[in-house]
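Reading through the structure tokens given below for one structure.
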Amino acid sequence: MSLAARLVVVLVAWAALTAQREPVLVPEVSQSLIEVRQGFTGARLLLYGAVIDPEGAGGSGDYDIVVVLKGPTEPVRIREKARIAGIWMNAQDSDFRSAPSFFAVASSRPIGDIVDERTAAIYELGTEFIQLSPSGTIDPEEQARFARGLVELRRKQGLYQENPGGVRISEKVLYQARIDLPSNVTTGRYTAETFAIARGRVVASATARIEVVKAGLEGQVVTASQRFAFFYGLGAIALSLGMGWLAGRLFARG
Amino acid sequence: MDVYLPIANLSVNGLYIVLLGGLTGILSGLFGVGGGFLTTPLLIFYGIPPTVAAASAATQVTGASVSGVLAHSRRKGVDYRMGGVMVAGGMVGALIGAGLFSLLQRAGQIDVVISVLYVLMLGSIGSLMMREAIEALRPGLLGKAGPRVKKRRHHPLVASLPYRWRFYASGLYISPLAPLLLGMGVGVLTMLLGVGGGFLLVPAMLYILGMSGNVVVGTSLYQILFVTMVTTMTHALTTRAVDLVLAGLLLLGSVLGAQFGTQIAMKARPEYLRLALATLVLLIALRMLYGLGVAPDEIYTVERL
């Protein structure tokens, strides 16, 4: 056996051994399908699971858990108002190709205490690390300003959230995170990524999918307005004429 | 009562929306105005996207004007010929408005234009109403308030237009171009702002066209009815911003509110009501002016591409 071959065997064996010693994440989501129907005021999503340590429960395991829930991304244009001739109006704008419609981070401790900034940026652990893919050719300073504007706006709308302390770990094995989806969420496929982090390094990760759909009458209204716009318009006119006429009748009697 | 609005894509307190519709219903019961000029800005303050607010308010105004048109046509208070010309103008105006809407939307200035138009409109109506109400409450406070001799002749500009038609019910022999242009202007506003435009039409018909008073309100409602219908359809086809649930709640409110309006009108002194309405209108105008001139609610806005 040549030296090189021996080296390969050793490397493979080492990789296998360390892989075995890596903990495994078993994630679960309380709801994999969220239906937006009449009376929908938002949903509370429970993301929970276990970190299984090959060295046995309560072994060396001292993990932090970070959960990132991301909504479908979409291209957006951010406009910035400026005061022109005494009136606040939109002046500059900047485009981003992949702004998530929803973004929430929950962690067992503040992100800054868990990982360094580089790791946080790689795994998008925080609203300031969202990869927005700016397009166009304005300078990075300005892009950063627009990105901050977007994050701030969506944070106010409850669409971007950061919740340090939003993950509870019990017995060093079970974790549980709550993320609240507001009523103004976009429909589509959401991904929940869970990271187990030890000593500033991501040691395990897992992904779960959540589907948000408009269902029932609400879903039909949206479909109708998109696909049968003409008949939808007729329906709206008929509704207003009918109710107005009915009101007139009630008046005449009263 | 939480209600999810499928097109506006958010959940609102349904009671609030019904009350808002009720407020405009009361106004229509009291003063015979559609009240769209209050619905749109109040919906925007509540967090409804401006386009959805304008589109759904237009749908509500249709409902609010139906019973009015029926009542006025029963007592022959509608000049159909004049109304028809204005509706034709209004339809052209709505289409122009739709073009302007998408043009401004692409330029990113639709919100600013809507706000500026509202400030101008509400500011002028509000101060006129305030003046009228104060004069009624304190005669002689604002100088001479004696009944002015009504000018029965129409505006000289109208008289100079060529190709005259006879409008028997209005008692006019004028060019149809004048009401056509008037209808067009109001149609643009209906599309952009979701207002019926009665508060503009009525004085313009009285003082610019010189129509006889007994057909003015009925004819303006007739124009509003048809133009808001066209506007609803245009919005449904272009902006896709008509929210049926929102419009339904507003309509429910205005149906109930209109009943209240007539009852209140019989009991309370109209001067105080007018004063209250003027105050409300001016407050909204000031609030919008603040957003335009001093500090906007948000520096950044997001548009989905």
(Q) List the residues, sorted by chain then number, that are 5 or more residues from B:W165 or on another chain and whose placed amide H is less than 5 Å from its amide H. (A) B:I174, B:S175
Q. Can you list the HN-Hα couplings for region B:248-257, worked out from phi with the Karplus curve (6.51, -1.76, 1.60; θ = phi - 60°), rounded to whole Hz and with x for Gly and Pro?
A. x, 5, 4, 5, 3, x, 6, 4, 5, x
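Dipole of chain A, Cα-centred, from +1 at each Lys and Arg C-beta and -1 at each Asp and Glu C-beta, to the nearest 20 debye? Spell out each step's value before the answer.
On the way: 28 positive and 26 negative charges, 198 e Å.
Here the size comes out at about 960 debye.
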**Q.** For B:G194, distant residues with modelled amide H under 5 Å away
**A.** none
Q. Nearest 10 degrees, 0 to 90: what angle lies between the long axis of helix A:3-21 and the longest principal axis of chain A (Cα atoms)?
A. 60 degrees
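Determine the relative contact order of region B:4-68: mean sequence separation of Cα pairs under 8 Å and six or more apart, normalised by residue count, in whole percent.
Normalised by residue count, the contact order of region B:4-68 is 28 percent.
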Q. Of all the stretches in chain B, which is the longest one without any exposed loop site, taking trypsin sites (Lys or Arg not before Pro) in a DSSP loop (any state but H, G, I, E, B) with at most 11 other Cβ atoms within 10 Å?
A. B:154-305
Q) Applying 1/(1 + (r/R0)^6) with R0 = 45 Å to the Cβ-Cβ distance of A:D116 and A:L33, what FRET efficiency is obtained, to the nearest 0.05? A) 0.75
Q: Collect residues whose amide H, placed 1.01 Å from N in the peptide plane, falls under 5 Å from the amide H of A:G166; neighbours closer than 5 in sequence don't count.
A: A:S107
Q | Per-residue HN-Hα couplings for region A:199-204 [Karplus 6.51, -1.76, 1.60; θ = phi - 60°; Hz; x = Gly/Pro] | A | 6, x, 10, 6, 9, 7
Q | Derived scalar couplings ³J(HN,Hα) [region B:83-92; Karplus, 6.51 cos²θ - 1.76 cosθ + 1.60; whole Hz; x for Gly, Pro] | A | x, x, 4, 5, 5, 4, x, x, 5, 4
Q. Of B:S73, A:S240, how do they rank once you tally other Cβ atoms within 10 Å and put the fewest first?
A. B:S73, A:S240
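What does the average come to when, for each residue of peptide A:206-219, you count the partner chain Cβ atoms lying within 10 Å of its Cβ?
On the way: counts 0, 0, 0, 0, 0, 0, 0, 0, 3, 0, 2, 4, 6, 1.
Partner-chain Cβ atoms within 10 Å, mean over residues of A:206-219: 1.
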(Q) Taking a ≥ b ≥ c as the square roots of the Cα gyration tensor eigenvalues, with a/c under 1.5 meaning rounded and otherwise prolate when a/b beats b/c, else oblate, which class fits region B:6-123? (A) oblate
Q | Peptide ranges B:51-58, B:155-162, B:3-10 listed from the most packed, as the mean C-beta count within 10 angstrom indicates | A | B:51-58, B:3-10, B:155-162
Q) How high is the relative contact order of chain B, in percent, counting Cα pairs under 8 Å that sit 6 or more residues apart? A) 38 percent
Q) Could you give the nm distance between label points at B:W165 and A:K172, where each point is 7 Å from its Cα heading toward the beta carbon? A) 8.9 nm
Q. In what order do A:K81, A:K156, A:K214 fall by count of nearby beta-carbon atoms within 10 Å, going from fewest to most?
A. A:K156, A:K214, A:K81
Q: Over chain A, calculate the relative contact order: mean separation of alpha carbon pairs under 8 Å at least 6 apart, over the residue count, as a percent.
A: 27 percent
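Could you rank the peptides A:192-198, B:188-194 by their average count of other C-beta atoms within 10 Å per residue, with the highest value first?
My ranking of the peptides, most packed first, is B:188-194, A:192-198.
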Q: With everything on Cα atoms, drop me the angle between helix B:110-137 and the longest principal axis of chain B, reported from 0 to 90° to the nearest 10.
A: 50 degrees
Q | aspartates and glutamates whose Cα lies under 13 Å from that of A:K214, excluding same-chain neighbours fewer than 8 positions away | A | A:E35
(Q) If you take each beta carbon of peptide B:58-69 and count the beta carbons of other chains within 10 angstrom, what is the mean? (A) 5
Q: From other protein chains only, count the Cβ atoms within 10 Å of every residue's Cβ in B:232-244, then give the mean.
A: 5
Q) Can you sort A:S170, A:S108 by how many other beta carbons sit within 10 Å, fewest first? A) A:S170, A:S108
Q: Compute the distance in nm between two label points, each set 7 Å from the Cα along the Cα-to-Cβ direction, one at B:S127 and one at B:L286.
A: 1.4 nm
Q) Angle, helix B:14-31 long axis vs. longest principal axis of chain B, Cα atoms, 0 to 90°, nearest 10? A) 10 degrees
Q: Set the Förster distance to 35 Å, then compute FRET efficiency between B:E271 and B:F45 from the Cβ-Cβ distance, nearest 0.05.
A: 0.80
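Values in this text are rule-based calculations from the coordinates and carry no lab data. Please read all numbers here as calculations on a predicted model, not as lab measurements. Ideal geometry is used to build each Cβ from the backbone, glycine not excepted, and the neighbour counts take in all protein chains shown.
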